[in-house]
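Engineer: I'd like to ask you about the structure that follows.
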Ligand code: SF4
């Protein structure tokens, strides 16, 4: 029997870890250093949980202020199951955020935002740099064109998803927080500088 952590609670929010894969290799990510611990939770993944296993681990969505797709991986890589679970949560009165790298449109080769409309309440998108050079240095994207694709995703989500916030890590070498903020303004989304201890 697997002991894999699929859901874990922090304060009044429930976090879902549905994959440990991503197309970035962020140098600041604990996973890149082989550490799979977030808060008190070990997010080591030994299998890809399917719909039933995920919703069983949630219980009653209405017990939480928000359900967050997060974890040491990119949840939109599993878009189909993510949307199925999001439907299930929504039907039960839950509120949903996705913490994402913003590369879903690049990976899936079409604009996935319309599939999220009416389901996803909030997107928190890791921007991580004000230009491609800084972004590539810190995120080491495996897919060409990732930085521009992330910006396009911000523009595609702006005004369609109720709350869209791009984030960058304050204090990371070369990251200009004010330049990031100006760029997100141009893309029509919000911005939040974050500390180095949060992944997703
Ligand atoms: S910070 Fe997120 S996107 Fe970057 S390597 Fe870690 S899990 Fe992947």
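The values are calculated or read from the model by the stated rules, or taken from the named source; none is laboratory data. Keep in mind that what you see is a predicted model, and the values were worked out from it rather than measured. Glycine also receives a Cβ, built like all others from the backbone with ideal geometry; neighbour counts cover every protein chain displayed.
Engineer: Can you list residue pairs whose Cβ atoms sit under 8 Å apart, with the first residue in segment 28-49 being at positive phi and the second being at pLDDT 80 or above? Count only pairs 6 or more apart in sequence or on different chains.
Structural biologist: Qualifying pairs under 8 Å: 39/8; 39/10.
Engineer: Next question, about the same structure. If you take the residues of segment 105-129 that are over 22 Å from residue 159 (Cβ atoms) and surrounded by fewer than 21 Cβ atoms within 10 Å (Cβ to Cβ), which of them is farthest from the ligand (Cβ to nearest atom)?
Structural biologist: Of the residues in segment 105-129, the ones over 22 Å from residue 159 (Cβ atoms) are 107, 109, 128-129.
Then keep just the ones that are surrounded by fewer than 21 Cβ atoms within 10 Å (Cβ to Cβ); that gives 107, 109.
Values: 107: 12, 109: 19 Å.
Of everything passing the filter in segment 105-129, 109 is farthest from the ligand (Cβ to nearest atom).
Engineer: Those residues that are touching a helix residue (DSSP H, G or I) at 6+ places or on another chain (Cβ under 8 Å) and surrounded by 20 or more Cβ atoms within 10 Å (Cβ to Cβ), I need them from segment 87-103; list them, please.
Structural biologist: 89, 94, 96, 98, 99, 100, 101, 102, 103, listed by residue number.
Engineer: It is to be established whether one or more residues within segment 172-195 are within 16 Å of the ligand (Cβ to nearest atom), modelled with pLDDT under 95 and either surrounded by 20 or more Cβ atoms within 10 Å (Cβ to Cβ) or part of a strand (DSSP E or B) (or both).
Structural biologist: Yes; the residues of segment 172-195 include at least one that is within 16 Å of the ligand (Cβ to nearest atom), modelled with pLDDT under 95 and either surrounded by 20 or more Cβ atoms within 10 Å (Cβ to Cβ) or part of a strand (DSSP E or B) (or both).
Engineer: Out of all the residues in segment 14-43, which are more than 11 Å from the ligand (Cβ to nearest atom) and either in a loop (DSSP other than H, G, I, E, B) or at pLDDT below 95 (or both)?
Structural biologist: Keep residues of segment 14-43 that are more than 11 Å from the ligand (Cβ to nearest atom), which gives 14-16, 18, 34, 37, 39-42.
Residues satisfying the conditions are 18, 34, 37, 39, 40, 41, 42.
Engineer: Can I ask one more? How many residues does segment 155-171 contain that are on the phi < 0 side of the Ramachandran plot and within 16 Å of the ligand (Cβ to nearest atom)?
Structural biologist: Counting residues in segment 155-171 that are on the phi < 0 side of the Ramachandran plot and within 16 Å of the ligand (Cβ to nearest atom) gives 6.
Engineer: Something else about it: Would you call residue 144 part of a helix (DSSP H, G or I) and surrounded by fewer than 15 Cβ atoms within 10 Å (Cβ to Cβ)?
Structural biologist: no
Engineer: What tally of residues in segment 22-46 results from selecting those that are in contact with a helix residue (DSSP H, G or I) (Cβ under 9 Å, 6 or more places away or on another chain) and exposed (fewer than 13 other Cβ atoms within 10 Å of the Cβ)?
Structural biologist: Within segment 22-46, residues that are in contact with a helix residue (DSSP H, G or I) (Cβ under 9 Å, 6 or more places away or on another chain) and exposed (fewer than 13 other Cβ atoms within 10 Å of the Cβ) number 1.
Engineer: Right, something else. Can you give me the number of residues within segment 49-104 that are modelled with pLDDT of 95 or more, within 16 Å of the ligand (Cβ to nearest atom) and not in a strand (DSSP E or B)?
Structural biologist: Qualifying residue count for the region: 11.
Engineer: Identify, from the list 154, 119, the residue that is more than 17 Å from residue 28 (Cβ to Cβ), touching a helix residue (DSSP H, G or I) at 6+ places or on another chain (Cβ under 7 Å) and in a helix (DSSP H, G or I).
Structural biologist: Of the residues listed, the single one that is more than 17 Å from residue 28 (Cβ to Cβ), touching a helix residue (DSSP H, G or I) at 6+ places or on another chain (Cβ under 7 Å) and in a helix (DSSP H, G or I) is 154.
Engineer: Among the residues of segment 152-179, write down those that are more than 15 Å from the chain's Cα centre (by Cα) and over 28 Å from residue 36 (Cβ atoms).
Structural biologist: Within segment 152-179, 152, 155, 156, 158, 159, 160, 162, 176, 177, 178, 179 qualify.
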